[in-house]
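Asks: First the structure, then my questions, so here it is.
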């Protein structure tokens, strides 16, 4: 993959795309294996949720593969997938545990699948927006893009190396981030622009999926906890994320620039990460079981 980017070889790009598709199918096979072994959709703990998130990102990349003329878009989505895989092996249990009572519902699969597919679609929006900023001629843009890509790389390498080498995760993460940021800045150069349609289309796919996820989650909550809405941190941040992307759609209809929408994509992704990771690992609530 890195060779194909460096030498701009179509042959290497085709090989990398084939390997990506192979990896996606391998992940899909493992997902269904876990589902069959557990007897329920395997997304009820940190390890399996990371794996499923990566699978969903891979699915959207497969759908966008032919439309993504720039190979760097494929590279960036692979980067976030590997980051998720790196997090999945960062000390979380891989054991299949019995479902807690609240999760024993037919709504589990519908709610989780629609929510994660929405997260994946918005992640594609973020990655394409980051790429647009990184390849811009404006210094402020490519610095912002470099920061975003550096955070992803630092997350990937830190999660792997900290687990293998037992280094202090904070110090290791800062060092890797600084190094990767310098590398991205050094190798920056403007590329051809990506169409605005490619940037905004994932949002129009993800928004109804997130809406469905929130609605099905509310119905599920009624049966599990006795109320449709309890202002749990996960529910609050899901609503905030929904509002952020509603604003995104509004500004797209108002024909805001691709640069503005790229920055807004970064805001949306931060909201997703708080909803997905921040709530599970930092803010205690009804959804804290997912941090195990």
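Asks: So which of 209, 246, 264 ends up being within 19 Å of residue 123 (Cβ to Cβ), touching a residue at least 12 places away in the same chain (Cβ under 8 Å), touching a helix residue (DSSP H, G or I) at 6+ places or on another chain (Cβ under 8 Å) and surrounded by fewer than 17 Cβ atoms within 10 Å (Cβ to Cβ)?
Replies: 246
Asks: If residue 156 meets every condition in (1) surrounded by 19 or more Cβ atoms within 10 Å (Cβ to Cβ); (2) modelled with pLDDT of 85 or more apart from one, which number is that one?
Replies: So the condition that residue 156 fails would be (2).
Asks: Something else: List the number of the failed condition for residue 102; all other conditions in (1) over 18 Å from the mean Cα position of the chain (by Cα); (2) in a helix (DSSP H, G or I); (3) more than 29 Å from residue 189 (Cβ to Cβ); (4) at pLDDT 65 or above hold.
Replies: Tallying (1) over 18 Å from the mean Cα position of the chain (by Cα); (2) in a helix (DSSP H, G or I); (3) more than 29 Å from residue 189 (Cβ to Cβ); (4) at pLDDT 65 or above, residue 102 fails exactly one: (4).
Asks: Here is a follow-up. Count, please, the residues in segment 204-232 that happen to be closer than 13 Å to residue 271 by Cβ and more than 19 Å from the chain's Cα centre (by Cα).
Replies: 0
Asks: Has segment 126-138 got any residue that is surrounded by fewer than 19 Cβ atoms within 10 Å (Cβ to Cβ), within 30 Å of residue 186 (Cα to Cα) and either modelled with pLDDT of 65 or more or under 15 Å from the mean Cα position of the chain (by Cα) (or both)? Please lay out each step first, then the result.
Replies: Kept after step one, since they are surrounded by fewer than 19 Cβ atoms within 10 Å (Cβ to Cβ), are these residues of segment 126-138: 137-138.
In the following step, the residues that additionally are within 30 Å of residue 186 (Cα to Cα) were identified as 137-138.
Of the ones still in play, those that are also either modelled with pLDDT of 65 or more or under 15 Å from the mean Cα position of the chain (by Cα) (or both) are 137-138.
Yes.
Asks: Do the conditions hold for residue 109, that is, is it crowded, with 22+ Cβ neighbours inside 10 Å, more than 30 Å from residue 187 (Cα to Cα) and at pLDDT 75 or above?
Replies: No; evaluated as a whole, the condition is false for this residue.
Asks: For segment 1-45, how many residues are within 30 Å of residue 106 (Cβ to Cβ), modelled with pLDDT under 80 and surrounded by fewer than 13 Cβ atoms within 10 Å (Cβ to Cβ)?
Replies: 2
Asks: Only one of 82, 53 is buried (at least 19 other Cβ atoms within 10 Å of the Cβ), modelled with pLDDT under 75 and within 30 Å of residue 135 (Cβ to Cβ). Can you tell me which?
Replies: Checking each option against the conditions leaves just 82.
The values are calculated or read from the model by the stated rules, or taken from the named source; none is laboratory data. Here the structure is a predicted model, which is why all the values come from computation and not from measurement. Note that each Cβ is placed from the backbone with ideal geometry, even for glycine, and that neighbours are counted across all protein chains shown.
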